[in-house]
Each structure stands twice: as structure tokens, then as C-alpha cells.
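Worksheet: one structure, shown below.
The values are calculated or read from the model by the stated rules, or taken from the named source; none is laboratory data. Quick caveat, the model's predicted, so the values are computed rather than measured. A quick note on method: Cβ atoms are made from the backbone with ideal geometry, for glycine too, and the neighbour counts reach across all protein chains shown. Side chains included, ligands, DNA and RNA excluded: accessible areas come from the protein's heavy atoms. Shrake-Rupley method; radii C 1.70, N 1.55, O 1.52, S 1.80 Å.
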Amino acid sequence: MAKPYTCVFKFPDPRIIGKFFDVTSIVIDASEYDALCDEICVSFGSDAAKFDVTIAKKSLHIPLLFKEKRTDFLFERYAVVTQAASVIVRGAGPKLASKLFTRDASHESN
């Protein structure tokens, strides 16, 4: 298992135009990611609907988690010092980017 990689970047604040906040991106191996998804689901308990583990595992990333009682373990485990974190499977970046930034020609008009 490779060592997790972390990087802090600026993320636009959806509440205030022109304002940004720091997010730590955590890159981990697929097996570690699956276990982490299960652990997050358990930590949400009866609020598990707020974290759909099936969708998270299939998408290979968790776009944004904020530091709170239910997610403290993740922030401590990966030494995250920001108030928000995202998690992605190592090597999944190009696949995710192609989904986000590829135009579907079938929707274009002639």
C-alpha cells in the first residue's frame, strides 16, 4: 500500500462570490478508499442517507467532507489541518476529469 498523498487547494465558497476556503485533497489506494467509505458510513449511523457509500465507492471520490464529530477520525488519520477535505482513489483523476470535462456531442445542435 502506497503512502497517502495530501495537497491543500483553494475551493470557491458557494455562499460568497469571490471567496475561497482551503480544502485538503487526500489521495489513497482503492482498497484503503473502500474501507474508508465503509467507516464514514458507519460514523454517520442513522444519518447514513447523507453519505451514500455505494455512490461514493462507484465514483472513486468524495468531493467534500467538513470537519465535524462524525468525520474527526479522517482528519486525524491523515493529519488534515483545514476544515474541509476531499478524498480520491489514486489514479482515478484522469477518469474523473474526462467525465467532468468531456462534451457529449449528442447534445449539440447543428
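With both labels modelled 7 Å from their Cα along Cα-to-Cβ, the T54 to F11 distance reads 2.5 nm. Full extension of the chain segment joining K19 with S46 gains 6.4 nm, where the gain is 0.36 nm per residue of separation less the Cα-Cα distance.
Figure note: S46, S59 ranked by solvent-accessible area, largest first, 1.4 Å probe, ligands and nucleic acids not counted: S46, S59.
I need the peptides 79-87, 22-30 ranked by packing, meaning the mean over residues of other C-beta atoms within 10 angstrom, with the highest value on top. Each step should come with its number before you reach the end.
Numbers: 79-87: 16.9, 22-30: 18.8.
The packing order, highest mean first, is 22-30, 79-87.
Exposed loop sites are taken as trypsin sites (Lys or Arg not before Pro) in a DSSP loop (any state but H, G, I, E or B) with at most 11 other beta carbon atoms within 10 Å; the longest stretch of the chain without one runs 20-68. Around the Cα centre of the chain, unit charges on the Cβ atoms of Lys, Arg, Asp and Glu (plus for the first two, minus for the last two) sum to a dipole of about 260 debye.
Could you tell me what a quarter of the Cα convex hull surface of the chain works out to, in nm² with one decimal place?
Computing the convex hull of the Cα atoms and averaging its projections yields 9.1 nm².
For the chain, excluding the exposed loop sites themselves (GluC sites (Glu not before Pro), DSSP loop, at most 16 other Cβ atoms within 10 Å), the longest remaining stretch covers 1-67.
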